[in-house]
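Here is the structure we will look at, set down as structure tokens.
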Amino acid sequence: MRNTTQLQWGVTIAAAQTEGAHDQGGKGASIWDTFTTNPRVIKDRSNAQVATDFYHRYQEDIDLAVTIGLKIFRFSVAWSRILPTGTGAVNPEGIAFYNRVIDYCLSVGITPWITTYHWDLPQALQDIGGWRNRAVVTHYQTYITILRTHFADRVKNWILVNEAIVCIGAGYFLGIHAPGKRGITNFSASIHHLLLAQAKGFKILKAVEGLTVGTAISCTKIDAYRDNSRDQKAVKRMDALMNRLCIEPYLGMGYPSEIPTITRHIQKFVKEGDLEEMQIDFDFWGIQTYAREVVKSAWYVPYLGVMTVPPRKRNVAVSVMGWETYPQGTRYFAERFAAYDPDKPLWLSECGMALAEDEDDQLRVNYYQQVLAEAEKILEKGIKLQGILLWTLVDNFEWAEGYIPKFGIISLNQKTLERKMKKTAYWLKNYLAATNN
Ligand code: BGC
């Protein structure tokens, strides 16, 4: 039986949250560049024009990851750095930048992983409707083919889409993330197109021998507020939306029937052959879980009939994100994925906790220790968990929350951009050195 000392440890970062250099190196605007031109949409009225300046400081960050003992460096590619207008001419400076990142990783002995889409659609594609427009699926295929041509010789591990449900839910239904669109039609079209694009992207990458290609799924444990059947049913609906919608079409199960109003809307955008085309066999599932939600039945809430009961109303402690931190979710979801297919490798492709500026980093150490305890139980059950990627290396631009939540194991001085290892980084460094993994 494997144990936790055999887990591989790494870190995940995302282009729009770290790179900065928003208009340098030939990069085109992304939807996040546009969205943040309205400062009121971001809690601290900030933007990601500089972010952590990873574009210029990637060597320092990769060095820090190596110093801590991490073995995997997962980063995302900004589509508009490769194709400034989303399609058409390739930007050689963008290719050169990611080549520098990849080559530097390899030269210092850390394995680069690429995420192809972590929410920063080129603005030029949003101008034609974004994910709502099926034409973007074809543009994504072109983009993936370019990434394959330039990077697949050295990058063997790929994650196609990061958390489709959060990206489309927040960006095309709630309007709280870029591109700030709302409503069921925007949501339904966009989610189907993004999931379809991912299936097509998978096939493009798998045409190269030796690539390991997976996806990263947002997983939120849902529990009932009251012990009655109406709330239990509400749990089923919320769970279908949050935790199954972006998985089951790939397993040949279609969109979940428990949320008929939503799936009816989605069906309007499903063309003949789409669901067959979406049946792909990912090489692994990436689990990303942070929080738990408690819900109750609410007939007046459109489409779902579900209302969340905020942690504060339940007298539960919350993180600076307003979330009920829930490390137990890792085992709960590992078991659910294993129930789909016990042989499929799993990764915790993101896991982390946000603290406020003045909170003691020991809380994060405690959190990771709990995750490790969960991982041990996961492995005891014979579930094929391969490793843990932390969210995240350096405190960064946390989307609509700006720079307020600190998810990094390394702090960032926003004025000088100086990095400093926090308690968690030291704890992990010692742990990894002691266990040799
Ligand atoms: C996302 C990250 C985000 C993190 C914390 C994940 O859902 O992939 O981009 O920063 O959660 O909110």
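Scanning the range 301-321 for residues that are among the aliphatic types (A, V, I, L, M) and over 25 Å from Lys406 (Cβ atoms), we see that the one that is surrounded by the most Cβ atoms within 10 Å (Cβ to Cβ) is Val306. Selection of the range 318-357 for residues being within 14 Å of the ligand (Cβ to nearest atom), under 16 Å from Gln386 (Cα atoms) and assigned to a loop (DSSP other than H, G, I, E, B) yields only Cys351. Return a yes/no flag: does the range 391-409 have any residue that is away from the ligand (no atom under 15 Å from the Cβ), in a loop (DSSP other than H, G, I, E, B) and at positive phi. The answer is no; no qualifying residue exists.
Taking the numbered list (1) modelled with pLDDT of 95 or more; (2) over 20 Å from Trp391 (Cβ atoms) in turn, Phe73 passes all entries but (2). Go over the candidates Val301, Val270, Val295 one by one and state the one that is farther than 30 Å from Val208 by Cα, more than 16 Å from the ligand (Cβ to nearest atom), in a loop (DSSP other than H, G, I, E, B) and β-branched (Val, Ile, Thr). Within the list Val301, Val270, Val295, the selection yields Val301. Listed by first and then second residue, the pairs linking a residue in the range 87-112 that is within 19 Å of Gln123 (Cα to Cα) to a residue that is part of a loop (DSSP other than H, G, I, E, B) and of a type outside the set (Gly, Ala, Ser), with Cβ atoms under 6 Å apart and 6 or more places separating them unless they lie on different chains, are Asn91/Pro84.
Within the range 1-24, being in contact with a helix residue (DSSP H, G or I) (Cβ under 8 Å, 6 or more places away or on another chain) and closer than 14 Å to Val77 by Cα holds for Ile13, Ala15, Ala16, Gln17, Thr18, Glu19, Gly20, Ala21, His22. Residue pairs whose Cβ atoms lie under 9 Å apart, sitting 6 or more positions apart in sequence or on different chains, and linking a residue in the range 338-354 that is farther than 16 Å from His118 by Cβ to a partner that is within 12 Å of the ligand (Cβ to nearest atom) and acidic (Asp, Glu), are Ala354/Glu398; Ala354/Glu401.
Taking the criterion of being assigned to a helix (DSSP H, G or I) and among the polar types (S, T, N, Q), the only residue of the range 410-429 that qualifies is Thr424.
For (1) aliphatic (A, V, I, L, M); (2) surrounded by fewer than 24 Cβ atoms within 10 Å (Cβ to Cβ); (3) closer than 24 Å to Val213 by Cβ; (4) out of contact with any strand residue (DSSP E or B) (no Cβ under 6 Å at 6 or more places or on another chain), each residue gets a yes or a no:
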| position | (1), (2), (3), (4) |
| --- | --- |
| Gln126 | no, no, no, yes |
| Ile146 | yes, yes, yes, yes |
| Thr149 | no, yes, yes, yes |
| Ala170 | yes, yes, no, yes |
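Within the range 360-380, the set of residues being surrounded by fewer than 14 Cβ atoms within 10 Å (Cβ to Cβ) and either part of a loop (DSSP other than H, G, I, E, B) or within 16 Å of the ligand (Cβ to nearest atom) (or both) comprises Asp360 only.
Here's the yes/no breakdown for (1) within 14 Å of the chain's Cα centre (by Cα); (2) in a loop (DSSP other than H, G, I, E, B):
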residue: Asp120; (1), (2): yes, yes
residue: Ala124; (1), (2): no, no
residue: Thr138; (1), (2): no, no
residue: Ile146; (1), (2): no, no
residue: His150; (1), (2): no, no
residue: Arg154; (1), (2): no, yes
residue: Tyr172; (1), (2): no, no
residue: Pro179; (1), (2): no, yes
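In the range 181-193, which residues are out of contact with any Gly (no Cβ under 8 Å at 6 or more places or on another chain) and either closer than 24 Å to Ser46 by Cβ or not in a helix (DSSP H, G or I) (or both)? Gly183 - this is the single residue of the range 181-193 that is out of contact with any Gly (no Cβ under 8 Å at 6 or more places or on another chain) and either closer than 24 Å to Ser46 by Cβ or not in a helix (DSSP H, G or I) (or both).
Please verify whether Leu160 is of a type in the set (A, V, I, L, M, F, W, C) and in a helix (DSSP H, G or I), treating the condition exactly as stated. So Leu160 fails the test.
The values are calculated or read from the model by the stated rules, or taken from the named source; none is laboratory data. Every value quoted in this text rests on a predicted model; they were computed, and no experiment measured them. Backbone-built Cβ (ideal geometry, glycine too); neighbour counts: all protein chains shown.
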